[in-house]
1. What number of residues in region 95-105 are open to solvent by 10 Å² or more (accessible area, probe 1.4 Å) and closer than 15 Å to Asn22 by Cβ?
2. Scanning region 26-42 for residues that are buried (at least 18 other Cβ atoms within 10 Å of the Cβ) and farther than 19 Å from Phe148 by Cα, which turns out nearest to the ligand (Cβ to nearest atom)?
3. Out of region 5-19, which residues are near the ligand (Cβ under 10 Å from one of its atoms) and over 17 Å from Ala190 (Cβ atoms)?
4. What number goes with the only condition from (1) in contact with a strand residue (DSSP E or B) (Cβ under 7 Å, 6 or more places away or on another chain); (2) not in a helix (DSSP H, G or I) that Phe88 does not pass?
5. Looking at region 45-69 only, could you name the residues that are more than 14 Å from Leu25 (Cα to Cα), under 20 Å from the mean Cα position of the chain (by Cα) and either surrounded by fewer than 13 Cβ atoms within 10 Å (Cβ to Cβ) or modelled with pLDDT under 95 (or both)?
6. Does Ser95 satisfy being among the small types (Gly, Ala, Ser), at pLDDT 95 or above and more than 13 Å from the ligand (Cβ to nearest atom)?
7. Could you check, for region 77-99, whether at least one of its residues is more than 27 Å from Lys121 (Cα to Cα), basic (Lys, Arg) and either touching an Asp or Glu at 6+ places or on another chain (Cβ under 9 Å) or touching a residue at least 60 places away in the same chain (Cβ under 8 Å) (or both)?
8. Looking only at helices (runs of 4 or more DSSP H) that lie completely in region 123-168, which have at least 1 residues being touching a residue at least 40 places away in the same chain (Cβ under 8 Å) and within 24 Å of Leu213 (Cβ to Cβ)?
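The values are calculated or read from the model by the stated rules, or taken from the named source; none is laboratory data. None of these values were measured; they are calculated from a predicted model. Here the Cβ positions follow ideal geometry from the backbone for every residue, glycine too, while neighbour counts run over all protein chains shown. With ligands, DNA and RNA removed, areas are computed over all heavy atoms of the protein, side chains included. Shrake-Rupley method; radii C 1.70, N 1.55, O 1.52, S 1.80 Å.
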Amino acid sequence: MIYIDFHTHQINKEADVKSIYNLPLTEKPADFSEQHLSIGIHPWYINDNNNQFSTIKLNINHPNVKAIGECGLDKLKGPDLAIQTEVFKQHIRWSEEFEKPLIIHCVKAYSEIIKLRKDLKPKQTWIFHGFNSSVETLNQAIKTGFYFSFGPAILNHPKTRKSFINSPINRIFLETDDTDFNIKELYKKAADLKETGIDEFQEKIRDNFNLILKI
Ligand SMILES: [Zn+2]
């Protein structure tokens, strides 16, 4: 059975790990055969030249590019929120146009992003990556159709752990993001928190993955 790492900045070549590698804009999709990729502009690194947009347009249609992102809103870091919102909306348009799900970086902007989904009613799936907010926010986002990818914070962050335990299993993923945490270890601990067997847990996550990536 496969371990899916939904969002990572590292390449993992283990045969039983399948990941979505967040492609830096300096790298080319063609250099990563049989590797799922996501492509987007992280809100911290938005710059005011057009190179970022043209690089994305050049690569977005590559068959290995399975998702748009990470992109989103961060109230603690990066340019002005108005600029971040404008760039995020461009990613939303790409996601709809190219029919690829959206991987979202969100810091203290859950209500803004939930409102955007309510207002825009996109067809594509939106996933909060590194979800670390309250059960209340989780429930609002569930109603609006969001998916959630959880990282190692479920192990040491009580609020995040509580949200993970309360999350519906048909809406979740696991991820290592920029940590060196072992994805298999995370699955074991996550399955324990969900009081389910590891095999069943892996199967459910794989079903979620296949569903939203239309595999
Ligand atoms: Zn990331």
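1. Adding up the residues that qualify gives 2.
2. The residue in question is Ile41.
3. Across region 5-19, the qualifying residue is only His9.
4. Going through (1) in contact with a strand residue (DSSP E or B) (Cβ under 7 Å, 6 or more places away or on another chain); (2) not in a helix (DSSP H, G or I) one by one, Phe88 breaks only (2).
5. Residues satisfying the conditions are Asn61, Pro63.
6. yes
7. Step one: list which residues in region 77-99 are more than 27 Å from Lys121 (Cα to Cα), which gives 77.
Still in the list and also basic (Lys, Arg): 77.
From what is left, the residues that are either touching an Asp or Glu at 6+ places or on another chain (Cβ under 9 Å) or touching a residue at least 60 places away in the same chain (Cβ under 8 Å) (or both) are none.
Among the residues of region 77-99, not one is more than 27 Å from Lys121 (Cα to Cα), basic (Lys, Arg) and either touching an Asp or Glu at 6+ places or on another chain (Cβ under 9 Å) or touching a residue at least 60 places away in the same chain (Cβ under 8 Å) (or both), which makes the answer no.
8. Hits in region 123-168: none.
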